[in-house]
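Data first, discussion second: the structure below is written as structure tokens.
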Amino acid sequence: MVDTVPDTMLAALCAAPGAPLEISRIDVPKPGRGEIMVKMESCGVCFSDLHLRDGDENLPDALYPLVLGHEGIGRVVRHGAGCADAPDIGQRVGLPWLYDTCLDCKPCLTGAETFCASQNARGIQRHGAFAQYAILDSHFACVIPDEIDPIAGAPLLCAGLTAWSALKKTRIAPGLRVLIIGAGGLGQYAILIAKAYGAHVIVVDSEASKLDEAVRLKADEVYLAGPQVGKAIQQAGGADVTVNFAPSAAVWQTIETAVNPMSDVVAVALVHQPVDLSMMWLIDGGHRVFGSSVGSRQELREFLAFSARNPLDTDVETIAFRDVNTALDRLKAGRVTGRLCIDFADADQL
């Protein structure tokens, strides 16, 4: 591949917390030691990007202006120094949430690097992939299998990986009853992954259209969210594994009522409000309640290999680069059924 990298590029910049994204021309970043430069082909648009744009994460002002985006796919165009083992020029790679970690703490050394206290995230401490070019730490580079389309595959790097990692932490097995709360983008991946495990899948959502999508994805039971839904699930057989993708503390009542003894409950959605967790409920039921955040490099490699063999039929809508801020507004308004993904093919025409 001939190196024809320009001096400047277009990027969707968030100038300050709460500011809309604006397409701006900025300098192309240069790869430092151990880094590679990637020309972007696609990037998924995630709810985390919405939280960051709207200032919900209370980031220091010094991090702005900031390029968001952490579900990127593109091709390697340059290597920095010290990249002997990095993917070759021209190879397609993924740019996920996790930019780098310390590589030496207990979480990093035990396969739980997403809990490294010194981690840097793409689109927060490091510029993200809502741009024509982006930088990737070579230690965290993951080659994208040829079988995976860059548009359909981009949301796998966060939404899909997050669902994969959350379910992998549970005791999921064939025949177990898995309750998925929230049938948006992440929940849809969880449905397909749980079905691949041979589980009986139950889905709860507050929107009928998302339940229709869950039925299309072969969910076994679907319920419209409400105060009695937990009791209805319990009467139908209960839940052995529950994964919450709904960003609301109100779901706790449903979970507490729906689960069977010795259940696994995984918190994934960003819920800042406390819930009324009873110690006696934990003790009497023998439940395991824990959180899960994105996924490790090894989990990403495993999940991409799984996805290459088992294409995941989720709804991924292609959007133009210029429409990324509008896409975030649609997410905020709840006007998205599945996932949104930027196609950079026409970015030069802006």
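The values are calculated or read from the model by the stated rules, or taken from the named source; none is laboratory data. The model shown is predicted, which means the values in this text are computed figures rather than measured ones. Positions of Cβ are generated from backbone atoms using ideal geometry, with glycine treated the same way; all protein chains shown enter the neighbour counts. Heads up: the accessible areas ignore ligands, DNA and RNA and are worked out on the full protein's heavy atoms, side chains in. Shrake-Rupley method; radii C 1.70, N 1.55, O 1.52, S 1.80 Å.
Below, the figures for the structure above:
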| item | result |
| --- | --- |
| Enumeration of residues in segment 199-238 that are assigned to a helix (DSSP H, G or I), of a type in the set (Gly, Ala, Ser) and surrounded by 15 or more Cβ atoms within 10 Å (Cβ to Cβ) | Ala214, Gly230, Ala232 |
| Count of residues meeting criterion [small (Gly, Ala, Ser), closer than 28 Å to Arg330 by Cβ and assigned to a loop (DSSP other than H, G, I, E, B)] in segment 286-295 | 3 |
| Some residue of segment 239-250 being assigned to a helix (DSSP H, G or I), open to solvent by 40 Å² or more (accessible area, probe 1.4 Å) and in contact with a helix residue (DSSP H, G or I) (Cβ under 9 Å, 6 or more places away or on another chain) | no |
| Flag for Asp343 being farther than 18 Å from Leu192 by Cα, without any contact (Cβ under 8 Å) to a residue 60 or more places away in the chain and surrounded by 15 or more Cβ atoms within 10 Å (Cβ to Cβ) | no |
| Residues of segment 270-315 classified as closer than 24 Å to Leu50 by Cβ and among the β-branched types (Val, Ile, Thr), total | 4 |
| When residues of segment 284-294 are limited to those that are under 15 Å from the mean Cα position of the chain (by Cα) and at negative phi, the one least open to solvent (accessible area, probe 1.4 Å) | Ser292 |
| Residue that is farthest from Ala163 (Cα to Cα) [pool: residues in segment 296-338 that are of a type in the set (Ser, Thr, Tyr) and part of a helix (DSSP H, G or I)] | Thr326 |
| Filter pass, Ala269 being open to solvent by less than 50 Å² (accessible area, probe 1.4 Å), assigned to a loop (DSSP other than H, G, I, E, B) and out of contact with any Ser or Thr (no Cβ under 9 Å at 6 or more places or on another chain) | no |
| Test: residue in segment 119-134 that is over 21 Å from the mean Cα position of the chain (by Cα) and either modelled with pLDDT under 95 or among the hydroxyl-bearing types (Ser, Thr, Tyr) (or both) | no |
| Helices (runs of 4 or more DSSP H) within segment 112-197 that include 1 or more residues touching a Ser or Thr at 6+ places or on another chain (Cβ under 7 Å), free of Cβ contacts under 8 Å to residues at least 24 places away in the same chain and open to solvent by 10 Å² or more (accessible area, probe 1.4 Å) | none |
| Qualifying residues in segment 268-281 (those that are of a type outside the set (S, T, N, Q) and under 21 Å from Asn58 (Cα atoms)) - the one modelled with the highest pLDDT | Val268 |
| Lone qualifier among Ser307, Ser263, Ser293 - being in contact with a His (Cβ under 6 Å, 6 or more places away or on another chain) and among the hydroxyl-bearing types (Ser, Thr, Tyr) | Ser263 |
